[in-house]
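I have placed the structure first, in the form of structure tokens, so that the comments after it can refer back to it.
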Amino acid sequence: MAVAVENVQVFILAENRLLREALTRILSKKSDIRVVGASAFSPQVVEQIAAAAPDVLLSDSAAVALSELRLIPEVRAAVPGLKVVMIGMDADRQTFLRAVRDGVVGYVLKDASAMEIAAAVRCVASAEAVCPPQLCLVLFEQMAQQARIPSFHIRAELGLTRREQQLVQMIGRGLTNKEIATQLNLSEQTVKNHVHRMLRKVGATDRFGVVELCRTQGVSA
Amino acid sequence: MHKVRVLVANRPRLMRELVLATIADQPDIEVVGETQDEAEITELVERIRPDVLIIALQEPESRPGICGFLLGRYPQMKILAIAPERNRSIFYWAFVDIRSNQVQTSEDGILNALRRQPDLVELPANPSGRYV
């Protein structure tokens, strides 16, 4: 059962300065919420968040995009137990699913009110998830789709080798080519070659496109 | 004291609420109307005659179509178009033709613009629109 947390410490990460400033002021007025930091994205932001040790990270999707989509996994690794609420610019299916896979447990849209943002912060701090109704449907559809499609069939259809499937999983965890090379005892160039071959096979334009496609098709689960 | 009368009509809802929260404590600025319906803006401007209208800047590279119409009809009014996804907003006013100035999308930037001092707002050199 969810238990209300008395004093939720929040870090606000947003590219839009008004969003940072005004949300900080609004949330600071709540007796059970304390804003322990606010920042735009920067290469040092993960360290900054870790130093503030918040319970909840409230982030806009623009900041995550600027981090080349690696921010959420990195910050969750740096701050154990951190709950992440993302403010999405729109109800985009792929952005939402990506956020959920990265470990975001609260998702609100910019059509939400400031009160709803505060409520979302409280909910995730109390070990609940927050999801707009229209995106809840996306989750149900995604689960149903994954259950329907046998992965061995898709593997054959995409033509991925065992090694390539292994790479998909590692890319999906946010590892760089260099990190993958170290873990697999390969050269970085060999990993690059594998990635390029995968891109050609599945017709994706970038490495995350391969991961998305495989996940959509149920390969790398 | 003359208060700056503001009609707040920007979207999305969260950004509108943040603007309202920014203005709320200012003794010299008064919110005289609020709407989330773009179709209502002209009617509200006609009825309320605000000093400043705040709208959403959906495409930062082009002037919102409503600006030309409203500033032609109500040349004493000024329009602040706030970009929800960028750190630059734009302040429009009528002076023979329509003039505009960039405004930082921050609490200070907005308050300065509402007090008709957009020239005091420092602008970033970075053309990407990112303002940290």
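The values are calculated or read from the model by the stated rules, or taken from the named source; none is laboratory data. Please read these numbers as outputs of a predicted model, since none were measured by experiment. All Cβ positions, even for glycine, are placed from backbone atoms using ideal geometry, and neighbour counts span all protein chains on display.
Here are the numbers for this structure:
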read-out	value
Number of positions in the stretch B:25-48 that are touching a residue at least 40 places away in the same chain (Cβ under 8 Å) and either among the charged types (D, E, K, R) or within 20 Å of A:Ala22 (Cβ to Cβ) (or both)	3
Residues of the stretch A:90-102 satisfying the condition of being farther than 14 Å from A:Gln134 by Cα and surrounded by fewer than 20 Cβ atoms within 10 Å (Cβ to Cβ)	A:Val100, A:Arg101
Selection status of A:Ser220, surrounded by 14 or more Cβ atoms within 10 Å (Cβ to Cβ) and modelled with pLDDT under 90	yes
Residue match in the stretch B:25-45 (condition: surrounded by 18 or more Cβ atoms within 10 Å (Cβ to Cβ) and in contact with a Gly (Cβ under 9 Å, 6 or more places away or on another chain))	yes
Residue among A:Asn193, A:Asn177, A:Asn185 that alone is crowded, with 18+ Cβ neighbours inside 10 Å, farther than 30 Å from A:Glu6 by Cα and at pLDDT 80 or above	A:Asn177
Enumeration of residues in the stretch A:34-62 that are assigned to a loop (DSSP other than H, G, I, E, B) and of a type in the set (A, V, I, L, M)	A:Ala40, A:Ala53
Residue count for the stretch B:62-82, restricted to those that are part of a loop (DSSP other than H, G, I, E, B) and either at pLDDT below 90 or over 11 Å from the mean Cα position of the chain (by Cα) (or both)	6
Hey, A:Ala156 of a type in the set (A, V, I, L, M, F, W, C), closer than 23 Å to A:Arg76 by Cβ and modelled with pLDDT under 80 or not	no
Test for A:Val210: is it surrounded by 13 or more Cβ atoms within 10 Å (Cβ to Cβ) and at pLDDT below 80	yes
Scan of the stretch B:47-80 for residues that are within 14 Å of B:Arg116 (Cα to Cα) and within 14 Å of chain A (Cβ to nearest Cβ), ordered by number	B:Ile54, B:Leu80
Only listed residue being in contact (Cβ under 8 Å) with a residue 12 or more places away in the chain, surrounded by fewer than 17 Cβ atoms within 10 Å (Cβ to Cβ) and more than 14 Å from every other protein chain (Cβ to nearest Cβ), chosen from A:Ala77, A:Ala53	A:Ala53
Set B:Leu7, B:Leu18: member being assigned to a helix (DSSP H, G or I) and surrounded by 19 or more Cβ atoms within 10 Å (Cβ to Cβ)	B:Leu18
Single match in A:Phe11, A:Phe41 (criterion: aromatic (Phe, Trp, Tyr), within 24 Å of A:Ile171 (Cα to Cα) and free of Cβ contacts under 8 Å to residues at least 60 places away in the same chain)	A:Phe41
Any hit, the stretch A:76-92, residues being part of a helix (DSSP H, G or I), touching a Pro at 6+ places or on another chain (Cβ under 9 Å) and assigned by TED's automatic domain parsing to the domain that holds A:Arg20	no
Count - residues of the stretch A:99-140 that are among the hydroxyl-bearing types (Ser, Thr, Tyr), part of a loop (DSSP other than H, G, I, E, B) and more than 17 Å from A:Lys29 (Cβ to Cβ)	1
In the stretch A:1-49, the residues that are of a type in the set (A, V, I, L, M) and either under 17 Å from the mean Cα position of the chain (by Cα) or at the interface with chain B (Cβ under 9 Å from one of its Cβ atoms) (or both)	A:Ile12, A:Leu13, A:Ala14, A:Leu18, A:Leu19, A:Ala22, A:Leu23, A:Ile26, A:Ala40, A:Val45, A:Val46, A:Ile49
